[in-house]
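Report on the following structure.
The values are calculated or read from the model by the stated rules, or taken from the named source; none is laboratory data. Because the structure is predicted, anything quoted here is derived from the model rather than measured. Ideal geometry is used to build each Cβ from the backbone, glycine not excepted, and the neighbour counts take in all protein chains shown. Note: accessible area is taken over every heavy atom of the protein model, side chains too, but ligands, DNA and RNA are not part of it. Shrake-Rupley method; radii C 1.70, N 1.55, O 1.52, S 1.80 Å.
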Amino acid sequence: MLYIGYHLSSSKGFAAMGKEALKAGANTFAFFTRNPRGGKAKAIDPDDAAALLSIMEENNFGKLVAHAPYTLNPCSDKENVRAFARICMEEDMERMEYLPGNYYNFHPGSHVGQGREKGIQLITELLNDILTQDQTTTVLLETMAGKGSEIGGRFEDIAEIIDGVKLKDKIGVCMDTCHVYDGEYDIVRDPDAVLNEFDRIIGLEKLKALHVNDSKNPFGSHKDRHEKIGEGSLGLDAIARFISNPKLKGLPCILETPNDFEGYKSEIAMLLHVCEV
Ligand code: FE
Ligand code: FE
Ligand code: ZN
């Protein structure tokens, strides 16, 4: 069973996303928990959340992968920026409980010159503040392309963060295929070596979701520019082979490619066709 979907707009609510996903042939999806530029989140309608949960159950959906606003910087050098990230994520933990047992992905952030150690320390502190024993959501650290002072471009960064988190069962990893390839992990020529390295440094049991993107740039470019599947430097074959790897079986695969509804629908059909999972 391949769980595949794409990043949907949440502007019309939860049930509307479930219906759109079905129309596209998806059985999971991602969405921003609030306006990606930040700001106050809309109140959640519990009936709308319940309607989505029944759509998911009736159609055997995989876990959803909500995305924190990409503008948050949990390891900024500015106290007010870090405080904003903390408030957003704290609120999002409460909001996610309307959809129990799903995933919430975030970008670890950029240390903006404070140094890697300081960045990792700030992210770890924030996670220890917001995670609670009672939550049913697993928070996922996204693997990054290593652009500028980004944390999360190396598996070691993520391992060190997880190491400092107290509630380890509440934390996991989302691997973005464009980001890791940009970040010099060669999932095209030697995917097993990359997965072995991930396993050795972080532990494959921590890998909970995949962002499936091609890249506009060559291997190791640290640029983070997503491309449509098959039109970038990874290519359709390598992407299909990677997400079909038995070690990644059952993980929700989320497309974040530059597409409209029809584009996503055909990428989903194409990947379902070529992936023998
Ligand atoms: Fe992301
Ligand atoms: Fe991503
Ligand atoms: Zn990206």
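Couple of notes before you dig in:
- Segment 156-277, accessible surface, carbon-and-sulfur percent (1.4 angstrom probe): 48 percent
- The mean sequence separation of alpha-carbon pairs under 8 Å and at least six residues apart, normalised by the residue count of the chain, gives a relative contact order of 19 percent.
- Projecting the Cα atoms of Gly5, Asn128, Pro69 onto the dipole axis of the chain, where Lys and Arg carry +1 and Asp and Glu carry -1 at the beta carbon, places Pro69 farthest toward the positive end.
- Helix-derived mean residue ellipticity, 222 nm - over the chain, DSSP H n ≥ 4, -39500 (n - 2.57), to 500: -11500 deg cm²/dmol
- Taken per residue, the accessible surface of segment 86-241 reaches 39 Å², heavy atoms only and a 1.4 Å probe.
- Relative contact order of segment 108-215, defined on C-alpha pairs under 8 angstrom at six or more residues apart (%): 27 percent
- Dipole magnitude for the chain: computed about the Cα centre from +1 point charges on Lys and Arg Cβ and -1 point charges on Asp and Glu Cβ, it is near 340 debye.
- Eligible lysines near Lys40 by straight Cα distance, threshold 17 Å, same-chain separation 8 or greater: Lys12
- Protection-proxy order for peptides 57-69, 257-269, 189-201, each taking the mean of Cβ atoms within 10 Å per residue, highest first: 57-69, 257-269, 189-201
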